[in-house]
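Report on one structure; see the data block that follows.
Nothing in this text is a laboratory measurement; each read-out follows from the coordinates by a stated rule. Here the structure is a predicted model, which means the values were calculated and not measured. Here the Cβ is made from the backbone with ideal geometry for all residues, glycine too, and neighbour counts use every protein chain on show.
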Amino acid sequence: MWSSFPALAGIVAAIVFACSALPMLGKAVRSKDLTSYSTGNLVLANVGNVFYSVYVFHLPPGPIWALHAFYLVSSGLMLFWSRRYRPARVSRTWAAPASASPRS
C-alpha cells in the first residue's frame, strides 16, 4: 500500500504543506500578534474544515488523514489564539486631544 507512487506523493505533499504552515504557527505563538488575520477568514476556514472532515475521514486511512488533522489543529489554534490574544479594546472618551487649545 505505502509503496505505491500516489501514496508516496501524498506523504511528501502532506509533509511539505505542514512545513509551510509551521513558521506561521511559530510566529503566532511567539508574538501573540494575530491582528493581521481576519477573524471571518479564520472562522470560515474552521467551518470548512469541519465539513471537509466528514469527507476525509470516510476515506481509507492514509496521508490525507494526517494532512487534514494538521489543518484542523492548526486552523483551530489560529482561531483560538486570535481570540485569546486579541488586543484589549481602548475605551473612547470625549476629552479633547492634548494638542487642542481650550476655547476662551
Response to the item:
In whole Hz, the Karplus estimates of ³J(HN,Hα) for region 13-21 (6.51, -1.76, 1.60; θ = phi - 60°; x where Gly or Pro) are 4, 4, 5, 5, 4, 5, 5, 5, 8
Discussion item. Taking just the alpha carbons, could you work out the radius of gyration and Dmax for region 34-86, both in angstroms?
Written reply: 12.3, 39
Discussion item. Could you list Ser53, Ser74, Ser31 so that the one with the fewest beta carbons within 10 Å of its beta carbon is first and the one with the most is last?
Written reply: Ser31, Ser53, Ser74
